[in-house]
Each structure stands twice: as structure tokens, then as C-alpha cells.
1. Take Pro256 and tell me if it is modelled with pLDDT of 90 or more, out of contact with any helix residue (DSSP H, G or I) (no Cβ under 6 Å at 6 or more places or on another chain), at negative phi and surrounded by fewer than 19 Cβ atoms within 10 Å (Cβ to Cβ).
2. Identify, please: which residue in segment 231-257 is under 22 Å from Gly150 (Cβ atoms) and hydroxyl-bearing (Ser, Thr, Tyr) and is, among those, nearest to the chain's Cα centre (by Cα)?
3. If Tyr196 passes every condition in (1) assigned to a strand (DSSP E or B); (2) open to solvent by 10 Å² or more (accessible area, probe 1.4 Å); (3) free of Cβ contacts under 8 Å to residues at least 24 places away in the same chain but one, which one does it miss?
4. Answer yes if at least one residue in segment 17-26 is touching a strand residue (DSSP E or B) at 6+ places or on another chain (Cβ under 9 Å) and part of a loop (DSSP other than H, G, I, E, B), and no otherwise.
5. Would you please list the contacts, defined by Cβ atoms under 9 Å and residues six or more apart or on different chains, that run from a residue in segment 259-274 that is assigned to a helix (DSSP H, G or I) to a residue that is of a type in the set (Asp, Glu) and open to solvent by 20 Å² or more (accessible area, probe 1.4 Å)?
6. Show the residue pairs that are 6+ apart or on different chains and have beta-carbon atoms under 7 Å apart, the first residue being within segment 207-220 and closer than 17 Å to Pro256 by Cα, the second being assigned to a loop (DSSP other than H, G, I, E, B).
7. Tally time: how many residues in segment 136-160 are at pLDDT below 70 and under 27 Å from Asp75 (Cα atoms)?
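The values are calculated or read from the model by the stated rules, or taken from the named source; none is laboratory data. Since this is a predicted model, take the numbers as computed values, not measurements. Ideal geometry is used to build each Cβ from the backbone, glycine not excepted, and the neighbour counts take in all protein chains shown. Remember, those area values only see protein heavy atoms, side chains included, never the ligands or the DNA or RNA. Shrake-Rupley method; radii C 1.70, N 1.55, O 1.52, S 1.80 Å.
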Amino acid sequence: MSNLVLAIDDDKLVHHIVEQSLLHSCKVIHAYSGEEGLEMAAQQRPDIILLDIEMPGPSGFEVCERLKANPQLCDIPVMFLSSKSATSERMRGYNAGGADYIVKPFDSDEMLARIKVLDEYRRQSLKLKQDVQKAQITAEIAMSDSGDMGRIMRYVGQSYHAHDLNTLSEYFFEFFVPLQLQVAVAFWYHDSEVFYSQEGAIQPLEQELLEKHRDGDRFVDFGRRTIINYPKVSLLIKNMPTDDVGLYGRYKDLLPHILEATNAKIKDMEVSEVALTKVEQIGLAFEELSDQLGEVATAYNDKLSLFSDYVSDGQANGKQAEVKQLYEHFSLINDDFSIIRYKLGEITEVRHELIQSLNQMAKPWSEEDVPAQTDIELF
């Protein structure tokens with residue numbers, strides 16, 4: 001991760017802490033007031049903004065609202081830095097457009113972890129925005145073209161609700177029913193090959209043909225059969241109307257659209273699966289770290305108890321003040337252990353919630369939720 005982070009805070013010490021925390025992972029630029037921060041955000045277009053709340057001039061809440069009102073800056077995630085931990089303050093930050101909220105004084109590792117989460121959120125948001133734009137373009141084309149393109153638009157909409165290959169193949173085959181084309185398809189998913197046929201099981205020879213021509217030309221014709229190849233999907237048409245030049249040309253113009261949409265969908269499914277795996281790995285790492293800290297804290301508490309007994313028994317005659325000061329120092333460190341374990345526990349809970357959300361998104365929609373190709377006439 002090498003992102004541009006804009007820190008907006010009137011406290012120079014906070015700037016120093018942020019700079020040191022992100023020294024090896026991000027480039028940090030600094031602004032010392034809300035107005036300066038707004039100017040630098042417009043000039044530098046940072047990836048993430050760290051924003052203090054209480055500053056001379058416009059508050060952090062006002063600055064965030066102005067950022068979100070600017071179409072050029074509204075997609076930049078904002079993390080509030082505040083000494084107040086009340087829920088009402090967090091809600092104000094959320095209502096102002098903030099994506100995260102961290103309480104001062106903050107731990108360097110915690111800040112870096114949160115910035116990584118915000119960076120992933122930013123990337124996914126931008127990707128989703130691009131996907132929506134692509135879908136809008138597809139819809140515009142479909143609305144201005146023939147009934148075939150209307151079906152393409154319907155399929156694209158259906159594919160957004162398919163989160164496994166079985167469901168995607170069902171929507172895929174629905175598209176070909178009105179065209180009276182008999183087809184089989186191969187999905188090149190990650191490093192595996194998954195084959196489907198309208199007739200149920202795919203014939204061994206069909207599978208062999210798809211595998212053999214996977215890296216061939218975009219269109220491969222042999223007799224009345226045609227294979228159309230994309231990086232993540234290959235389509236075998238078993239009854240291509242090669243004797244009808246007009247219809248044959250029409251299908252060759254039409255079918256790449258559905259394959260391009262399918263290709264993009266499979267790429268998205270691969271990315272989502274990898275993301276879910278990474279979330280699981282990060283969560284396990286946090287759990288292991290929490291367990292290790294727990295063991296360290298237990299051992300530390302034991303030593304602290306022995307030290308307390310040593311002081312109370314009067315075995316440190318003549319150095320009571322120094323020993324007492326050292327004991328208080330140990331106690332503060334012990335409190336820090338407790339805070340770290342508590343924060344790790346919070347992160348673990350958020351990780352569980354995130355996994356549940358991703359799994360819920362990955363569940364296929366029911367038939368009632370997604371209209372079929374045959375139950376609506378678009379044109």
C-alpha cells in the first residue's frame with residue numbers, strides 16, 4: 001500500500017505521530033487548518049484524509065461536509081481524529097460524511113490497520129462506481145437497439161444478482177432460449193475449468209473442443225458449430241445458422257456482448273472470493289495476536305503481583321519512593337495491555353460481521369427476486 005494521506009490538524013504533535021506511524025506505508029502531506037486542508041485536498045487529490053474535529057476556523061465536521069459536497073472530492077474516505085469517544089460525536093462524524101472515527105491518543109498499528117481498511121473500501125467503491133457506469137452504458141445501448149439488445153440488458157441485470165457459477169449459468173442459458181440456439185459453456189474460474197450445457201451434462205467431446213480452442217481465435221467455426229472465446233468464458237454454439245448469412249452475422253455481432261458481460265462478472269466473483277479469503281486470514285492473525293497478548297498479560301500480572309508483595313513486605317527499605325514509582329509505571333503498562341486486547345477484540349468482532357455480510361452478499365437470489373428472460377417483453 002502506497003497511498004497519499006492528507007492529515008488536517010492544528011496540533012503539530014499529531015502530525016508527527018501520523019508521519020511516524022505511516023512512514024513506511026504512505027506518503028503524508030500536512031495541513032494545519034480546515035481551510036488549508038480543503039485547498040490541499042483540491043490540489044493534491046489524496047487517497048485518504050485524516051481530519052481533526054476541534055480546530056480554529058471551520059470544525060472538522062464542517063470541513064467534511066464541504067468535502068462531500070464537492071463532486072471532485074466526495075469519494076475520498078475521511079477518518080476523524082478526536083479526543084471525544086461519545087457515540088453522539090461518532091454519529092455527528094458519520095452524518096457529516098466520515099467513513100471512520102479514531103479517538104486520540106491512538107495506537108500507530110491501529111491507525112495503519114484502519115487506513116488499510118479505508119483504502120480497500122475506497123478501491124471497492126471506485127470499482128463499484130465504474131461497474132454502475134458500465135451497466136448504465138449497457139442499458140442505454142439496449143434501450144436504443146433491438147429486442148436482442150434488450151435481452152442483453154436483462155441478462156446484465158440478472159448477472160449482478162448471481163454469486164455462484166450455477167446461478168450464472170442458469171441466467172446465461174435463459175438468454176439463448178428465444179434465439180433457439182443450443183449451447184454449452186466453459187467458465188475458466190481461477191485455475192479450474194467448470195463446464196455447463198443446456199442439456200445438463202456436457203458431452204466429453206464438447207468439453208475437449210472447448211479446452212482445445214480456449215487459447216485460439218475469438219471465433220472458431222467448424223461446420224455448423226462455433227466457439228467464441230473470452231479469457232474467462234468460452235461458448236460453444238451447436239447449431240449456428242451458417243447458411244443464413246444475415247442471421248449468422250447478426251449473432252456474431254450480438255453474442256460478444258453477453259460474453260463480455262459474463263467475462264467481467266466472473267472476474268468480479270474471483271476478486272470477491274479472494275477478498276473473503278484475505279478477510280478470513282486477517283481475522284485469524286488478529287485472533288492469534290490477541291491470544292499471544294493475553295498470555296503476555298497473564299505472565300505480566302503474575303510478576304506485578306510478586307512485585308507488589310515485595311513492596312508491601314518492606315523488602316525495599318530506603319528506596320520506597322523509587323520502587324513505588326516503578327510499580328506505578330508497571331501498572332500503566334498493564335493498563336495498556338488491557339486496552340490493546342480490548343481493541344483487538346473489537347476488530348475481531350468487526351471481522352466476523354464483515355464475513356457475515358460478504359457471505360450474505362454471496363447467496364444466490366431466489367427465482368422470485370430476479371425476473372426471467374421469458375416473462376417480460378422489453379421491445
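1. Working: modelled with pLDDT of 90 or more: yes; out of contact with any helix residue (DSSP H, G or I) (no Cβ under 6 Å at 6 or more places or on another chain): yes; at negative phi: yes; surrounded by fewer than 19 Cβ atoms within 10 Å (Cβ to Cβ): yes.
For Pro256, the condition - modelled with pLDDT of 90 or more, out of contact with any helix residue (DSSP H, G or I) (no Cβ under 6 Å at 6 or more places or on another chain), at negative phi and surrounded by fewer than 19 Cβ atoms within 10 Å (Cβ to Cβ) - is met.
2. Tyr251
3. So the condition that Tyr196 fails would be (3).
4. Among the residues of segment 17-26, at least one is touching a strand residue (DSSP E or B) at 6+ places or on another chain (Cβ under 9 Å) and part of a loop (DSSP other than H, G, I, E, B), which makes the answer yes.
5. Listed by first residue and then by second, the contacts come to Ala264/Asp131; Asp268/Asp131; Met269/Asp164.
6. If the second residue must be assigned to a loop (DSSP other than H, G, I, E, B), the pairs left are Val220/His213.
7. The first filter runs over segment 136-160 and keeps only residues at pLDDT below 70, leaving 136-147.
Narrowing further to those that are under 27 Å from Asp75 (Cα atoms): 136-140.
Here the count works out to 5.
Listed here are the residues, each with its yes/no results for (1) open to solvent by less than 40 Å² (accessible area, probe 1.4 Å); (2) without any contact (Cβ under 8 Å) to a residue 40 or more places away in the chain; (3) more than 22 Å from Asp109 (Cβ to Cβ).
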site	(1), (2), (3)
Asn3	yes, no, no
Leu13	no, yes, no
Glu19	no, yes, no
Ala31	yes, yes, yes
Ala42	no, yes, yes
